[in-house]
Amino acid sequence: MSASGGTKAIVAALAANLAIAVAKFVAFLFSGSSSMLAESVHSLADSGNQGLLLLGGKKAKREATPQHPFGYGRERYIYAFLVSIVLFSVGGMFAIYEGYEKIKHPHEIEHWYWPVGVLVFAIIAESFSFRTAIKESNHTRGKQSWKDFVRHAKAPELPVVLLEDLGALVGLVLALGGVGIALATGDGVWDGIGTLCIGILLIVIAIVLAVETKSLLLGEAAGIEAVQKIEAAIVDGDTVTGIIHMRTLHLGPEELLVAAKIAVEHDDTAAEVASAINAAESRIREAVPIARVIYLEPDIFNESEAEKGPDPEATPGGPSPTAEH
């Protein structure tokens with residue numbers, strides 16, 4: 001994902017949510033609708049979330065330091081994870097509380113035209129924001145389904161904005177349904193039920209976001225297509241005859257670490273091996289430009305050792321040499 005595409009979607013969502021939040025709160029003041037109050041808090045939380053995403057993107061651009069030699073690319077993952085927490089606590093839990101209170105102590109909606117008018121306006125504004133997010137996502141989604149795009153995207157901004165906008169649109173429909181039934185029946189309980197449904201929806205979306213961004217925070221490998229390009233770039237068929245094993249790790253959405261043990265001929269000189277490694281690094285960066293940090297370790301290929309695969313004891317979190325089996 002290009003950073004500019006994500007920023008464009010975030011700014012569009014931020015502008016829409018700020019306008020909608022103000023409109024919803026005004027409608028709540030005039031009508032007393034709990035759905036309107038829950039939706040105004042939801043839009044305000046979404047505005048804060050977009051602010052967090054923009055802040056994370058800015059912080060991620062800082063230069064690497066001796067204390068953080070791989071840079072700050074993961075700042076974007078951290079702030080995306082904070083978005084899921086805000087959405088869960090401020091948006092979802094507040095809506096559930098407000099819905100419960102309205103069901104327990106229902107009252108009629110006053111000045112019905114305020115909430116209905118604002119909800120229609122909000123649906124139109126959110127639709128434009130959602131359309132922008134879809135358009136920007138299509139630039140990088142390729143042939144992936146929307147589910148796979150959200151699950152496997154290495155840049156968190158567009159999946160976050162997509163899910164937020166989708167949740168906002170569904171929430172608006174629920175709010176409109178709750179207000180409409182409450183007006184038709186004269187029973188304010190339906191307004192509370194609509195608010196409760198909004199809260200449940202927001203919590204579900206927050207959990208999905210938390211799970212996906214947690215995976216990014218833990219560290220994900222490059223996608224299959226990028227791995228295949230790297231493997232093809234490493235082997236030159238001359239000095240580098242094969243890959244014994246390789247691992248990749250995203251240091252950020254557009255920063256990739258590549259570490260591989262490569263097979264060289266036993267009679268190659270040190271100068272030949274060094275030259276082959278430098279050439280392989282150049283080919284990797286040309287094939288996959290986001291490969292910023294590359295470590296290639298030369299070794300003599302041994303079929304029996306290669307069959308064992310990577311040493312699990314050399315992996316953080318792997319078994320201890322003294323562990324009982």
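Send over a whole-number figure in Å² for the accessible area per residue of the range 140-258, probe 1.4 Å.
43 Å²
Applying both filters, DSSP loop and at most 14 other Cβ atoms within 10 Å, to the trypsin sites (Lys or Arg not before Pro) of the range 33-102 gives 61, 62.
Under a model in which nothing but the beta-carbon of Lys, Arg (+1) and Asp, Glu (-1) is charged, the chain shows a dipole of about 1360 debye around its Cα centre.
Run the numbers for residue 121 and residue 215: contour at 0.36 nm per residue of separation, minus the present Cα-Cα distance, in nm.
Length difference between fully extended and current span is 30.2 nm.
Taking DSSP loops as anything outside H, G, I, E and B, show the longest stretch in the chain free of GluC sites (Glu not before Pro) there with at most 12 other beta carbons within 10 Å. Longest site-free region, per DSSP loop and neighbour criteria: 111-323.
Given +1 at the Cβ of Lys and Arg, -1 at the Cβ of Asp and Glu and no other charges, the dipole of the range 78-227 around its Cα centre is 480 debye to the nearest 20. Summarising the label geometry, the points placed 7 Å from Cα in the beta-carbon direction at residue 169 and residue 148 lie 2.2 nm from one another. Pairs exceeding a 22 Å alpha-carbon distance, out of 8/135; 59/143; 8/61; 59/154; 58/229; 8/59: 59/143; 58/229. Projecting the Cα atoms of 209, 224, 259 onto the dipole axis of the range 177-260, where Lys and Arg carry +1 and Asp and Glu carry -1 at the beta carbon, places 209 farthest toward the positive end. Straight-distance candidates among the aspartates and glutamates for linking to residue 261, with alpha-carbon spacing under 19 Å and chain neighbours fewer than 8 residues away dropped: 231, 236, 238, 272, 281, 297, 299, 303, 305, 307, 311, 313.
The values are calculated or read from the model by the stated rules, or taken from the named source; none is laboratory data. Since we're looking at a predicted model, the values are computed, not measured. For neighbour counting, all protein chains shown are included, and Cβ atoms are generated from backbone atoms with ideal geometry for every residue, glycine included. For accessibility, only protein heavy atoms count, side chains too; no ligands or nucleic acids. Shrake-Rupley method; radii C 1.70, N 1.55, O 1.52, S 1.80 Å.
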